[in-house]
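Undergrad: Can you keep this structure in mind? I'll have questions shortly.
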Amino acid sequence: MTRNSKPPEFEQALDELEKLVARLERGDLPLDEALKTFERGVELTRHCQTALKAAQQRVEILLRKGGKTEVEAFAVTEESGAEPHDALSRPAPEPASDPAPEP
């Protein structure tokens, strides 16, 4: 992504990233081209991660509000290395088990 170009949509970025990986996996690129391809892949990976974090935050906001669709501001920047709260991938609490009565 150049500084003047608009970043691609998530699906477009993911599709391009998959194609770049396939090209690199073939192993037939000259070193200079392989490095440029890898750099582009890193850019696309960061873009996709940022888009996923933003989507996850939106879902978390909706879940916290009990499904109410009130607008709430949130910020995600590509430079931000902070991990979002991960409400969706937390393990479910263990179900309470009643001890079996002893005979």
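Only the coordinates and a few stated rules stand behind these numbers; no lab work does. Because the structure is a prediction, the values reported are computed rather than measured. Note that we place each Cβ from the backbone using ideal geometry, even for glycine, and neighbour counts take in every protein chain shown.
Undergrad: Return the distance in nm (one decimal) between the two label points of a simple spin-label model at L63 and E25, each offset 7 Å from Cα along Cα→Cβ.
TA: So the two model labels end up 3.1 nm from each other.
Undergrad: Let me ask something additional. Hey, what do the phi angles of the stretch 34-48 turn into as Karplus ³J(HN,Hα) couplings, whole Hz, using 6.51/-1.76/1.60 and θ = phi - 60°, x for Gly and Pro?
TA: For the stretch 34-48, the Karplus curve yields 5, 5, 5, 5, 5, 4, 5, x, 5, 4, 5, 4, 4, 4, 5 Hz.
Undergrad: Sticking with this structure for a sec: Which of the lysines could a cross-linker bridge to K65, judged by Cα under 25 Å and excluding same-chain residues fewer than eight apart?
TA: In chain and number order, the partners are K53.
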